[in-house]
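Undergrad: Handing you a structure now.
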Amino acid sequence: MRILLSLLVWCVLTILMPSASHQAQAPPAKFKGVVLDAYDGRIPKASFIIEGASGSRQLETDEDGDSLGEVNVELPAGKYKFTVEKLGFKRLVVSDFWIASGARVAYEFRMEVRDCDDCDGLIAPDKPAQSPPSCHLTKP
C-alpha cells in the first residue's frame, strides 16, 4: 500500500510540476551573413538590418580580418527579413527566411552595382573596379 501511495504521489507531481526541460528556452541559432559583390569580393561596412518577431536590429558588416564583409549574430528561432544596403549598390532584401533553434546558418548576400541611371549624384563604391566602365561615379 505504501509503495502504491508513493507511486501515486510521484505521478501527480510529475504531471503538475513542469520539468526543467520545459522551462529552458530553446538555444539560439548562430547566423553568419556574408555580403558579396558580383565578383565574390566581400563588402565591408554594409548596413545589415535584421527584422523578426522580437524586433529589429541594425548592424554593419565587418571591415577587416577573417570576418571581412560578415555579420555574425545569435538569433532565436523564427522568420526573418534581412535588408542589406551599401552606397553604390542596389538594396538587397531577403524575406521569409526561417531559422531553426540551435542551427548554424550561413548565407551569402550578393549585391549588384547600381545601374548608371541610378548613379546620379552618388559617390563611388569602396571598390571602383566593381563599377561598370560606362558608369561615371566620383569619389569624395
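FYI, it's all coordinate maths here, none of it is from the lab. Keep in mind that what you see is a predicted model, and the values were worked out from it rather than measured. Cβ coordinates were reconstructed from backbone atoms using ideal geometry, including for glycine residues, and neighbour counts include every protein chain displayed.
Undergrad: For segment 24-113, what is the charge dipole size about the Cα centre, in debye to the nearest 20, if Lys and Arg each add +1 at the Cβ and Asp and Glu each add -1 at the Cβ?
TA: My answer is approximately 320 debye.
Undergrad: For the residues ILE43, ILE49, what sequence is obtained by ranking on other C-beta atoms within 10 Å, fewest first?
TA: With the fewest neighbours first, ILE43, ILE49 line up as ILE49, ILE43.
Undergrad: How far apart, in nm, are two points set 7 Å out from the Cα along the Cα-to-Cβ line at GLN25 and at GLU60?
TA: 2.7
Undergrad: Between Rg and the Kirkwood Rh of segment 24-113, both from Cα atoms, what is the Rg to Rh ratio?
TA: Using Cα coordinates only, the ratio equals 0.97.
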